[in-house]
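Structure record follows, encoded as structure tokens.
Read-outs: derived from the displayed coordinates by stated rules, not from any lab. Computed from a predicted model, the values in this text were never measured in an experiment. Positions of Cβ are backbone-derived with ideal geometry, glycine not excepted, and every protein chain shown enters the neighbour counts.
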Amino acid sequence: MSGVLKGIRVLDFGRYIAGPFCGALLGDMGAEVIRLEKLDGSEDRWVAPVDEARKGEGITFLQMNRSKLGMTLNPTKPEGREIVAKLVKASDVVIANLPFQTLKEMGLDYDTLSAINPRIILVTNSTFGMVGPYADRVGFDTIGQVMSGAAHLTGFGDKPVRMASPYVDFMSATLSVVGVLAALRERDTSGKGQMIETALLKSALNVANPLLIEQAMLNLNRERVGNRAFTAGPGDSYRCKDGWIYVLAIGQPLFVRWCKMMKREELIDDPRFKDDLARGDNGEAISAIMQEWCGSRTRDDVLKQLAAARVPAGPIYTPQEALDDPHVKEAGFFKQIEYPGLGKPYPILDQPVRLSRTPLEITRRPPTLGEHTDEILAGLGYSKDQIADLRKQRVV
């Protein structure tokens, strides 16, 4: 195994996205990542299965657990705790996006882990963090979305709308990777590990922060305006003869280019559209102008003209269209992964961040349940008979 994190071992007790995607990225960077889960499989393994029987591994598991070894373990039994301790002694990072009380019950809290290995780095993620009246509450990505103000400003009419893609989880996972890299760098100097904490609400507030600054300073109390931009124009979705597009022009140069493309140069001096703020405030009017122009043209024609004018725009794709896009295909954005029990390969985004000399690499398909348990235990010094006995006791 190669990569910038070669020689780093990560124990991934994570579930769903915020923990496991952190582990996946570290694995892509060359770390040896061991996914540890319940003997019958952790819940996230089986969510939204895509095998023909719809009883196997699910979509989130298949993305989040590439580049990992797989091991089953019951850390609540004494023999399981002994295995955890041996793993921790030989590891660098532990990922556990679990409630803090659960971490203590499983012996995965930082005080317990650092007593075993002072160099260990613990990565935690919860819904609300360790401090505050909601610290003991549980939640998912959408809870962060709705409590950040983002859902209130999304949608049409009276009903707020969540984002279908769980961006809060992915933000937390990515920030966790930043924390791991920083902690590893600091450990080179101090020789000591530390605890890294992210929280879904904090991650969501981080993304929503610009609008929260505006609210705090100006008390605008914005309401949802559908797909229109608050402080730009044109900024909206538009229906063409054969499909939808989105256009976003921010700043005077882009607006001027748009006006010239539309052959509506008189709009440049229209006081309703004098700057980004005015264009946002009068977004309904500017969208009506753009919609009339788009409505009589095909999507490809509109996008070609916008591209020639260098005005940012893109087609509003279905999921299948996103997979079939010629740029996505030619640029090789996705890697096709084979997995036991699936009738065909499935796509995983390859190298979400590209390094020119030391690229990230998906080194393994996701593990089947407990696929590498014996191999990992043997590496810790357990004999075949001992491993068989641990299985009999349902420790592994």
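Things worth noting here:
- Contact order relative to length of the chain, as percent, for alpha carbon pairs under 8 angstrom and 6 or more apart: 19 percent
- Distance between the modelled labels on GLU292 and GLU321, one decimal in nanometres: 2.5 nm (7 Å Cα→Cβ projection).
- Computed Kirkwood radius, in angstrom, where 1/r is averaged over Cα pairs of the chain: 23.9 Å
- With Cα atoms, 0 to 90° folded angle of helix 200-218 axis to the chain main axis: 30 degrees
- From helices alone, the chain scores -11500 deg cm²/dmol at 222 nm; the rule is -39500 (n - 2.57) for each run of n ≥ 4 DSSP H residues, then divide by the residue total.
- Packing rank of 91-98, 163-170, where each peptide gets the mean count of other beta carbons within 10 Å, highest leading: 91-98, 163-170
- Tilt relative to the chain, helix 252-262 - C-alpha long axis, 0 to 90 degrees, to 10: 60 degrees
- The alpha-carbon of LYS344 sits under 28 angstrom from the alpha-carbons of these lysines, leaving out residues fewer than 8 places away in its chain: LYS38, LYS55, LYS68, LYS329, LYS335.
- Cross-link partners of LYS260 among aspartates and glutamates (Cα-Cα below 13 Å; sequence separation of 8 or more within a chain): ASP269
- FRET efficiency, 1/(1 + (r/R0)^6) with R0 30 Å, evaluated for ASP40 and LEU380 via beta carbons: 0.85
- Value of Rg/Rh across the stretch 1-87 [Cα atoms, Kirkwood radius]: 1.01
- With Cα atoms, 0 to 90° folded angle of helix 78-89 axis to the chain main axis: 70 degrees
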